[in-house]
Amino acid sequence: MREKKREEYDVVIIGGGAAGLTAGIYCGRAQLKTLIIEKALVGGLATYTNEIENYPGFPEGTNGLDLMNLFQKQAKKFGVAFKLTDVKKVKLDSPKKEVETFRNIFEAKAVIIATGGSPRITKATNEEKFLFDKGISFCATCDAAANTDKTVMVIGSGDAAIEEGMFLSKFASKIIVSVIHDEGKMDCNEIAKAQALSNDKMEFKWNTMVNSFEGQDHLETVVLKNLKTGKLETITVDTCFEFIGYTPNTEIFAEVVQLSKMGYLITNLNMETELPGVFGAGDVRNKELRQVSTAVGDGAKAGVAAEKFIAETEIFKNQILQKEKVGFIYIYSATNAPSMELLPMMQDIEKEFITDVKLNILDVYKGKSLCDRLACDVEPMTIFYTKDGEVIEQSSQCDRPHITEKLKSLL
Ligand SMILES: Cc1cc2nc3c(=O)[nH]c(=O)nc-3n(C[C@H](O)[C@H](O)[C@H](O)COP(=O)(O)OP(=O)(O)OC[C@H]3O[C@@H](n4cnc5c(N)ncnc54)[C@H](O)[C@@H]3O)c2cc1C
């Protein structure tokens, strides 16, 4: 087999939806060499949505494809490169990360995972024909207003199905809920169940599953099958909302990075995963609201976090772990007055040892992640290391005699 071609980037973003494109805009604008890899359609899930009415800045609403084309144009303006291919494998636990496709291995200092997810479908007859904007929807927040005074169907009885069904009841005149269980049995929590059962607009079809979806260009009827009697019932609806689960696109990350029980990527609020230099953004994350606006927010944060990570890695390598002199780090906090009062003394010490010692002064607040890399948990703190980068002492003892004695012993 031919050896895969290697290419180097600062940042590789996996997934070219709203989150990935936004992360790309931020990284490109920060002049990082950035690549977005997209396996299907650049723009992601939003491109399948005809009408997006809740994305700020478009009071008349916008078409998902048009909106995503603008995102892509903006990313390209900042020099972001695109490859249309499927990421097959990743290696993310070392400083040089590898993202592997059929033909290439892309190396990167930071990787942003923005692979989104896919709504689960019923697999009933004709379903593919009506998906997304042809009458089958997976998003009540997105499509409820368009169904004002209409009849809709909800498939499912879990928390999402029932809570979204109740949200739909503020708009639609009737909500028919198809539940696979016996009468009164639902998969949602008891409070949602009680509220739904007493909602006049909601009608339940117990022991049913979808047999087929019917219509010309747009969905017109849903044929339900009674699981006990086998009887078919044809119901006229304007839209059918399916809430039978959502599958995050995280198969390739399963053994690589921490995922939730449901397979979502776990990040903190700065979009950092537990692996240094690996970030997550958008629907793939373990979070509450999955929308274009939240994907954009995540993408912006992930882009900035990746930029900061790369900059700090350079500082760490070139300034802190420099190999020309003996290293001495003083860590203080701008909110800790005694630690600030020691700053002039530290600078004096630097002057005394100027030819042989490199002093780095770090503010815990501003250089938090650098301090994390140094495992600094108290402030003030001093760290001494040899020219070879070996840490000799990490201590809260900050008096001048101790410091000068230590430095002399290292020369
Ligand atoms: C029918 C529908 C209507 C919606 N309407 C609205 C609305 O009106 N307003 C709103 O705000 N939100 C709406 N949403 C939600 C919105 O589309 C999503 O929240 C948003 O698209 C998430 O963006 P993302 O970038 O996180 O993920 P996605 O858009 O899913 O993008 C992820 C991308 O990653 C790619 N990918 C996955 N795996 C790989 C791999 N291995 N290699 C390479 N590429 C990969 C995928 O092909 C995909 O393009 C709607 C969703 C649906 C399903």
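Derivation of every value follows stated rules applied to the coordinates shown; laboratory data play no part. Everything quoted here is computed from the prediction, not taken from an experiment. Glycine gets a Cβ as well: all are built from the backbone with ideal geometry, and neighbour counts include every protein chain shown.
Annotations
- Karplus 3J(HN,Hα) series, Hz, for segment 394-411 with 6.51 cos²θ - 1.76 cosθ + 1.60 (x for Gly, Pro): 10, 8, 9, 7, 10, 7, 4, x, 4, 5, 5, 4, 4, 5, 4, 5, 8, 7
- Translational D in µm²/s for the chain (Stokes-Einstein at 20 °C, 1.002 mPa s, Kirkwood Rh from C-alpha pairs): 87 µm²/s
- Only helical runs count toward this figure. For the chain, summing -39,500 (n - 2.57) over DSSP H runs of n ≥ 4 and dividing by all residues gives -7500 deg cm²/dmol at 222 nm.
- Spatial separation of Cα centroids for segment 75-142 and segment 205-246, in angstrom: 30 Å
- Spherically averaged projected area in nm², based on the convex hull that wraps the Cα atoms of segment 209-270: 7.8 nm²
- Percent of C-alpha pairs per 10 Å bin in segment 1-51, short distances first: 25, 41, 25, 9, 1.
- Amide H within-cut-off set for Phe82, under 5 Å, with H built and near neighbours excluded: Ile36
- Each residue of segment 322-336 was assigned a 3J(HN,Hα) from its phi angle through the Karplus curve 6.51 cos²θ - 1.76 cosθ + 1.60 (θ = phi - 60°); the sequence is 4, 10, 8, 10, 5, x, 9, 10, 10, 10, 10, 10, 5, 9, 10 Hz, with glycine and proline shown as x.
- Calculated FRET efficiency for the pair Glu183/Lys73, C-beta based, R₀ 45 Å, to 0.05: 0.25
- Less than 5 angstrom separates the built amide H of Asn211 from those of Val223, Leu224, Lys225, all sequence-distant by 5 or more or on a different chain.
- In the chain, the longest principal axis of the Cα atoms and the axis of helix 159-168 are about 60 degrees apart.
- Shape summary: segment 121-242 maps onto an equivalent ellipsoid whose semi-axes, from the alpha-carbon gyration tensor, are 20, 18, 12 Å in decreasing order.
- Distant-in-sequence amide H partners of Glu203 (H built 1.01 Å from N, under 5 Å): Ile175, Ile176, Val177
- Per DSSP, loop GluC sites (Glu not before Pro) in segment 252-290 with at most 13 further Cβ within 10 Å: Glu255, Glu274, Glu288
- Only one residue of Ser198, Gly158, Ala40 has its Cα farthest out toward the positive end of the dipole of the chain, where Lys and Arg carry +1 and Asp and Glu -1 on Cβ, and that residue is Ala40.
- Between helix 343-352 and the chain: long-axis angle, C-alpha atoms, 0 to 90°, nearest 10: 50 degrees
- Compactness of segment 93-187, expressed as Rg and Dmax over alpha-carbon positions, Å: 19.8, 56
- Percentage relative contact order, the chain, counting C-alpha pairs under 8 Å, at least six apart: 15 percent
- For segment 277-342, the average shadow cast by the Cα convex hull is 7.1 nm², which is a quarter of the hull's surface.
- Förster radius 22 Å - calculated FRET efficiency between Ile392 and Tyr365 (Cβ-Cβ, nearest 0.05): 0.25
- Largest first and in whole Å, the equivalent-ellipsoid semi-axes of segment 190-336 read 53, 17, 15, each the square root of five times a Cα gyration tensor eigenvalue.
- Intensity falloff of segment 72-121 expressed as log10 I(q)/I(0), Debye formula with alpha-carbon point scatterers, at q = 0.17, 0.25, 0.29 Å⁻¹: -0.68, -1.08, -1.16
- Folded to 0 to 90 degrees: helix 18-29 orientation relative to the chain principal axis, Cα: 30 degrees
- Candidates Ala124, Ala75, Ala281, ranked by Gaussian network fluctuation over the chain, Cα under 10 Å, top entry: Ala124
- Cysteines in the chain that lack a partner Cβ within the 4.7 Å cut-off: Cys27, Cys188, Cys240, Cys398.
- Here the 3J(HN,Hα) profile of segment 245-258, calculated from phi with Karplus coefficients 6.51, -1.76 and 1.60 at θ = phi - 60°, is x, 9, 10, x, 7, 10, 3, 6, 9, 3, 9, 10, 9, 5 Hz, Gly and Pro shown as x.
- Quotient of Cα Rg and 2.2 N^0.38 Å for segment 321-410, N being how many residues it contains: 0.99
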